[in-house]
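Here's the structure, in structure tokens; my notes come after.
Only the coordinates and a few stated rules stand behind these numbers; no lab work does. Being a predicted model, the structure only gives us computed values, none of them experimental. Cβ placement follows ideal geometry from the backbone for every residue including glycine, while neighbour counts extend to all protein chains displayed.
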Amino acid sequence: TMAQSKALLVLENFIGGKFVPCSSYIDSYNPSTGDVYCKVPDSGKEEVEAAVKAAKDAFPVWSSKTPLERSQILNKLADLIEHDLEAFAQAESKDQGKTITFARTVDIPRAVYNLRFFASSILHHVTECTEMTAMGCVNYTSRAPVGVAGLISPWNLPLYLLTWKIAPAIACGNTVVAKPSEMTSVTAWMMCKLLEKAGVPHGVVNMVFGTGAKAGEALVCHPDVPLISFTGSTLTAQRITEKSAPHCKRLSLELGGKNPAIIFDDADLSQCIPTTLRSSFANQGEICLCTSRIFVQRGIYNEFLKRFVAEAKKWKTGNPSDPTVNMGALISKEHLEKVRNYVKKAQAEGAKVLCGEGVDSLALPPDNQKGYFMLPTVITEVKDESCCMQEEIFGPVTCVVAFDTEEEVITRANGVKYGLAATVWSSNVGRVHRVAHRLQSGLVWTNCWLIRDLNLPFGGMKASGIGREGAKDSYEFFTEVKTITIKH
Ligand code: NAD
């Protein structure tokens, strides 16, 4: 309609400090209404080429600034985003489908904190030094930025995950070309408008919008981009690894998960149930760290299931801008279909759906009838080999199964190709340590979920990724180390 086309938001690439239009565009949908509301540049080789050139040109000056100078600029950018927090939160919620509450309390505050965190941590790194007295030698290491960093991020936590890469990359003195997900590009574009005011020199941060196949791959294949930091699916990571192999690029890959929650019969259910609800359904289950396999010890299985399902039924799904809503819309029509299909497959295999998809009815406000909504869904009586227990669904679907012994549950929890995050619920300290040590998982949370000290490593094992991010880990990834020996 006229009204709609008038209101269309048209994004532009940000290259060398300037917004530049693109020759073609991709439609971007509002997941809670199903309307096209935004046009995203459909960039390709040419745009990536221009952005890499701008980043390369900006590198000598930016990399020779002191850490303190860069730190002050990152802090200024954090302040500017924080000043516009509400506008960023509204935009993220509209673009992604997540609730305004989640965007306000998680996405945008964390984006701000990412910038502040690396603005601070960059001031505190020390390099190693050893003495070889007998040889008359002193050895030390020095670290230098790598050059132009290619950053590729997914749609589930758009600005949060993008700043988690941009902040350490530029804090270390690299310049960047970033490619956010084509489905959620708006907040990245909004951030570009603040860069100059924050004092980020032209060309230090370049944003190229577009699809993975065109813009993403052009970045991955560019010979002047020695480093790629990627967060997204395992399948895409395999493709990126293949494509970048001829250039021997440095890769950081943060990928999918099939995360277990292990609940022993001595768990405090009054804590465990609300937290496991969040860990299963927060952000519509679209967080790589979300729980999707809940193992409950036999003695409390029935009680857990009854209480968990009762609470899941209370979760309100609907208009993301309604502050009382717990769950918004899924990212796209295709993704909603994919998630629904998993539930259908489980049913066809003989599993039971206790609440949610196909069982309960979803009442939506008139404006949201065409949105991509589904209810929190709990599946049980499902086999460990089922696709619902093996594959990443990345939606509001969680499976609950019973177990008997510690030994058994460790084997079953480890019995998937992924290894990102696990939660363990027990009041037995010895057991908690034993289980945590034996889980194949980059992160283990005991009696809690999603509490992160950014100083410590974040990342997955097995098909969940390669490399770690965090204060020291990101510093090491975004710098090149050199060992220097001095004989006196
Ligand atoms: P995706 O792999 O489809 O896309 C991620 C990004 O890669 C997007 O920007 C996309 O355009 C780009 N891309 C796609 N194909 C490409 C190619 N051939 N070359 C270069 N770039 C390409 O993932 P998604 O659907 O956007 O995100 C969901 C996935 O991300 C889930 O698997 C989730 O678990 C994972 N994820 C992982 C973490 C983590 O930290 N481990 C965090 C969030 C999400």
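Here are the numbers for this structure:
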read-out	value
Cα-based Rg / Dmax (Å) for the stretch 353-488	20.7, 79
In Å, descending, principal axis extents of the Cα set of the stretch 259-446	53, 31, 29
Simple Cβ-charge dipole of the chain, Lys/Arg +1 and Asp/Glu -1, about Cα centre, in debye nearest 20	300
Distance in nm between pseudo-label sites at Asp265 and Ala436 (7 Å out along the Cβ direction from Cα)	2.5
Full-extension gain in nm, Ala213 to Glu82, via 0.36 nm per residue minus C-alpha separation	43.9 nm
Estimated inter-spin distance, Val429 and Ser142, nm [label 7 Å along Cα→Cβ]	4.8
Estimated inter-spin distance, Thr405 and Leu456, nm [label 7 Å along Cα→Cβ]	3.0
Long-range HN-HN contacts of Val205 with modeled amide H, under 5 Å	Val176
Cα centroid separation - the stretch 17-96 against the stretch 298-353, whole Å	33
Sorted by Cβ neighbour density within 10 Å, fewest at the top, the residues His83, His247, His335	His83, His247, His335
Sequence-distant lysines (8 or more away, or on other chains) whose Cα lies within less than 21 Å of Lys482	Lys65, Lys249, Lys472
J(HN,Hα) series, the stretch 139-153, from Karplus relation 6.51 cos²θ - 1.76 cosθ + 1.60, nearest Hz, glycine and proline x	10, 8, 10, 10, 10, 9, x, 7, x, 8, 9, x, 10, 10, 10
Reduced Cα scattering model of the stretch 291-365, Debye log10 I(q)/I(0), q = 0.17, 0.22 Å⁻¹	-0.86, -1.26
√(5λ) per eigenvalue of the Cα gyration tensor, the chain, largest first, Å	38, 30, 19
Length released on extending from Lys338 to Lys243, taking residue separation times 0.36 nm less the Cα-Cα span	31.5 nm
Equivalent ellipsoid dimensions for the stretch 352-406 as semi-axes, Å, which come from the Cα gyration tensor, largest first	28, 12, 8
Neighbour-count order for Val353, Val36, Val186, fewest beta carbons within 10 angstrom listed first	Val36, Val353, Val186
Fraction of antiparallel bridges per DSSP, the chain only, in percent to nearest 5	45
17 Å tail of the calculated P(r), the stretch 55-101, as % of Cα pairs	56
Extension gain from Cys448 to Leu68, taking 0.36 nm per residue of separation minus the Cα-Cα distance	133.2 nm
Rg over Rh [alpha-carbon atoms, Kirkwood Rh] for the stretch 316-408	1.03
